[in-house]
Each structure stands twice: as structure tokens, then as C-alpha cells.
Amino acid sequence: MSTCDVLVVGAGPGGGNAALQCARHGLSTMLIEDHPAIGTPVHCGECISDIACENLDLDLPEHVISKRVHGIRVIFPDGTEKRLTEEGYVLEKHLFERWIADEAIAAGASVHLGHKLSSMERMEEDGRFVGWKCDGKGEQFPLQAKVVIDASGAAAVCSKLVKLDEDKPLNTMGKVVAGMQYEMLEVPSDGYLDFYIWPKYAEKGYLWMIPKCDGRANVGLVTEDRPRTKKALDEFIEVTHFKELEQVPPPWKEKGNPAFGGTIPISGPFENTHYDGLMLVGDAAGFTSPLFEGGSHLALKSAVYAADTAAAAIAAGDISADGLAEYPGLWKDEFPPYDKILRGKNALFDLTDEEMSVMARCFPDEMGDMGVSGKAMVGLRLLVRRPGLYLKKVVPAMLAFGYSRAKYYGW
């Protein structure tokens with residue numbers, strides 16, 4: 001039977017970085033991925049900010065970068081545009097994830113494709129937890145691991161497999177939204193990511209244009225109206241300047257419909273992000289930025305914390321939940337105030353299109369300039385133009401935009 005210190009489930013950005021950091025700690029590390037190739041299908045818009053790269057000490061190689069960008073432009077229902085200038089990159093995400101996995105292999109981790117975890121059985125010695133016996137599809141199974149790091153994305157595989165004493169899953173899945181996008185050609189761009197808050201097409205979500213090199217761009221949306229996802233995106237394209245542009249399959253997609261995407265958790269972190277010999281990272285833990293659903297920075301950073309915690313616990317000989325208890329403390333101290341942002345997001349989508357646009361017109365053109373005095377000025381403008389909005393909790397809605405900045409893991 002194969003054995004390892006750490007088994008990482010899922011080779012997305014969180015899983016790849018977890019394997020890399022564990023290997024750098026000198027832990028025997030196995031990274032499994034159920035797809036036949038790393039990086040496909042792509043589930044996200046493919047962008048990351050400079051602040052994220054600095055925070056993670058990421059020195060991106062040129063071949064994973066598609067385009068240098070200036071930040072985000074938010075476009076409200078009446079066409080009002082406001083910028084949030086924060087430099088960063090649009091990636092070729094499939095190449096980025098493969099690069100991280102290659103770095104993990106170079107550091108000593110082993111990577112196994114076409115492996116799907118289907119069961120986890122506790123191992124104990126003299127009543128003391130000593131690891132997991134894992135089984136599934138793939139030649140490495142069955143295997144034994146002291147610690148499992150779940151980076152399986154919105155599927156949250158381990159949360160479903162591990163049962164609490166009441167024979168209930170470790171976590172109950174919260175709300176998810178559907179994300180879908182096309183790659184399009186000859187898309188005009190001035191180097192900003194365009195985020196459209198247009199509820200008519202994206203219910204409790206938003207639409208985007210994320211520019212890439214050679215005139216390409218991802219044009220897509222996230223919405224809570226999951227059955228209508230593709231139809232809503234097509235309708236949006238029909239009424240915008242994207243209408244006449246060509247849709248093409250992305251470079252990694254060889255056949256089928258050119259649309260691609262996935263599901264994104266939006267309820268905030270799971271109740272349990274660690275257990276005996278188990279830690280959850282990235283989307284598998286519910287770590288997405290609540291307003292704009294960005295997840296790469298959060299996945300990459302939570303992977304660092306999980307690896308650090310695993311190394312310390314294994315060295316101390318205590319891989320129980322108590323031995324891993326530092327993990328939730330690390331991410332809670334660092335990650336954005338989810339309750340505040342979720343409250344603001346809900347308040348935002350309680351506004352009508354017209355009220356949302358009134359609020360937007362009170363913002364400065366550069367939303368990054370909203371310090372204490374800037375927020376006071378916005379509040380004064382609102383008081384003059386539409387005082388009734390205060391009864392609809394517009395202040396939390398405005399603050400949600402502030403917490404969506406890159407330093408709060410917004411992109």
C-alpha cells in the first residue's frame with residue numbers, strides 16, 4: 001500500500017500550491033487529480049492582482065501570463081462606470097496550474113492524474129488518530145496518508161466522505177452560483193477588467209469582459225439563476241458590442257461547445273475547515289470573495305497555511321483536529337470579513353436597478369480613492385440625492401465594494 005505524509009486532492013491552484021509547500025517542508029506528498037490533464041477544464045476568469053502575487057511571493061513565468069491589466073471597471077445598470085485601479089495579470093490559467101504542479105514535482109511531490117477519491121477510513125492506534133486509509137479509482141489506491149488536504153473545488157469531496165459522529169457529512173454545502181464564459185476574438189480593451197452589475201442578465205451576480213493577449217477576451221457571467229446561465233449570457237452578448245464578435249474554443253479545449261465554466265460557492269467559509277488529519281482549502285472550504293467570487297488568491301494562500309500547519313502537526317506527532325487547530329486561526333486572522341461582505345452583497349441586490357445606479361453616481365470615478373473623507377463625501381451625496389436609500393441598508397452595500405479590493409482578496 002502506498003503511504004505518504006500528505007495527500008492533496010485536486011490539482012487546481014490551491015491543490016498545486018498545497019503540494020508545493022508541503023514538499024518544500026520536506027513532507028512526502030502525493031497530489032491526485034481526477035482529470036486526465038492538469039489545468040483543464042478552466043473554471044474561472046483567469047486573473048490575479050499584483051497584491052496577490054506579492055502576498056504569495058509568486059514570481060510568475062512569462063509563459064503563464066496572457067496580459068498585464070490595470071484593474072477593474074464596474075459598470076452599473078444605467079451605464080455609469082467606476083474604476084478600481086489595481087495592477088495585475090490575466091493568466092493562461094491552464095498553463096499557470098501546470099506550472100505550479102511542475103514546481104511541486106521539482107520540490108519532491110508526486111503527481112497522479114486520473115485518480116478519483118471515493119472513500120476515507122479513519123486509522124487509529126490505541127484510540128489515537130494516526131491517519132486516513134483512502135481508496136478510489138487509480139493505480140495508487142488504496143493508500144495511507146497522515147494528513148489529507150482537500151482542494152477539490154466546489155465538489156468539496158472530503159466534506160461529503162467524512163462523517164461526523166451523527167453520521168452526517170462534515171459540512172453542509174451552502175449556496176453556489178453558476179459561472180460560464182466564452183473566449184471571443186477582436187475584443188476592444190483599454191486594459192481594465194469590465195464587471196457589469198446588470199441584474200437583468202445576471203441574477204445576484206455580474207457579467208465580465210476579461211481581456212487577454214492578441215485581442216482575445218473572456219466574456220462571461222455568474223448568476224444564481226443556474227438553469228438560465230447560458231441563455232442569459234447569450235442575451236447579454238446580443239445587446240452589447242460583443243454581438244458581432246467571433247466565439248472560439250479556448251486553446252485547451254479540443255471539441256464541444258466553446259462555452260466553459262463551473263460552479264462557485266458563495267455562502268462563505270464552511271463551518272468546519274479542519275478535522276482529524278484533514279484540512280480544506282480554496283473553494284472546497286468556501287473561500288471565495290463574496291461580491292465578485294474571486295477565488296485564486298484565497299486558494300493559494302489557504303494552501304500555504306494548510307501546508308505550514310500540516311508540517312508542524314506531523315513534526316509534533318499530533319495530527320488530530322487539536323493538532324491542526326492553528327489552521328482556522330490563520331485564515332480567520334487574514335481573510336476578509338465575510339459576514340460584512342455578504343451582508344453588503346445582499347443589500348446591494350435588494351436595490352432596484354435605478355437605486356443601484358444612483359448609488360454608483362455618488363462614488364468617485366476612482367473607487368480606490370475612497371478613504372475616510374471619500375466615504376463621507378459619498379454618504380453626503382446620497383443624503384442629498386436619495387436619503388431613502390439609507391433605509392435599504394445602502395451603506396453595507398457600498399462597503400462591500402471597498403472589501404472587494406485586491407488587498408482584501410477581491411481579485
If unit charges are put on Cβ atoms (+1 for Lys and Arg, -1 for Asp and Glu) and the dipole of the stretch 304-411 is taken about its Cα centre, the option from Asn346, Trp411, Met356 lying farthest towards the positive end turns out to be Met356
Excluding ligands, DNA and RNA, the carbon-plus-sulfur percentage of the accessible area of the stretch 1-152 with a 1.4 Å probe reads 44 percent
Helix 229-238 sits off the longest principal axis of the Cα atoms of the chain, rounded to the nearest 10 on a 0 to 90 degree scale, by 30 degrees
Rounded to whole Å², per residue accessible area for the chain with a 1.4 Å probe reads 42 Å²
Scoring the chain by relative contact order with C-alpha pairs under 8 Å, at least six apart, yields a percentage of 20 percent
Where a ≥ b ≥ c are root eigenvalues of the Cα gyration tensor, a/c under 1.5 meaning rounded, otherwise prolate if a/b exceeds b/c and oblate otherwise, the stretch 34-92 counts as oblate
For the chain, the longest principal axis of the Cα atoms and the Cα long axis of helix 353-362 enclose an angle in degrees, to the nearest 10, of 80 degrees
Counting all Cα-Cα pairs in the stretch 366-411, those more than 18 Å apart amount in percent to 31 percent
Row for the chain, column shape: gyration tensor on C-alpha, a ≥ b ≥ c, rounded if a/c < 1.5 i.e. under 1.5, prolate if a/b over b/c, else oblate; value prolate
Taking a ≥ b ≥ c as the square roots of the Cα gyration tensor eigenvalues, with a/c under 1.5 meaning rounded and otherwise prolate when a/b beats b/c or oblate if not, the stretch 1-51 comes out oblate
Whole-Hz Karplus couplings 3J(HN,Hα) for the stretch 271-285, θ = phi - 60° and coefficients 6.51, -1.76, 1.60, Gly and Pro as x, run 4, 10, 9, 8, 7, 4, x, 8, 9, 10, 10, x, 4, 5, 9
The extension gain from Phe349 to Lys163, computed as 0.36 nm times the residue separation minus the Cα-Cα distance, is 63.4 nm
Helix 372-385: inclination vs the chain longest Cα principal axis, degrees, rounded to 10, gives 50 degrees
If every Lys and Arg gets +1 and every Asp and Glu gets -1 at its Cβ, then about the Cα centre the stretch 4-147 yields a dipole, in debye to the nearest 20, of 220 debye
In units of 2.2 N^0.38 Å, the Cα radius of gyration of the stretch 1-118 is 1.26
Measuring from its Cα centre, the stretch 244-330 shows a charge dipole (+1 at each Lys and Arg Cβ, -1 at each Asp and Glu Cβ) which, in debye to the nearest 20, is 200 debye
Placing each pseudo-label 7 Å from Cα in the direction of the beta carbon, Asp369 and Asp126 end up separated by a distance in nanometres of 6.8 nm
Too long for a 18 Å Cα-Cα cut-off, among Lys212/Lys255; Lys137/Lys255; Lys67/Lys407; Lys332/Lys407, are Lys212/Lys255; Lys137/Lys255; Lys67/Lys407
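The values are calculated or read from the model by the stated rules, or taken from the named source; none is laboratory data. Everything quoted here is computed from the prediction, not taken from an experiment. Glycine also receives a Cβ, built like all others from the backbone with ideal geometry; neighbour counts cover every protein chain displayed. Note: areas computed on protein heavy atoms with side chains; ligands, DNA, RNA excluded. Shrake-Rupley method; radii C 1.70, N 1.55, O 1.52, S 1.80 Å.
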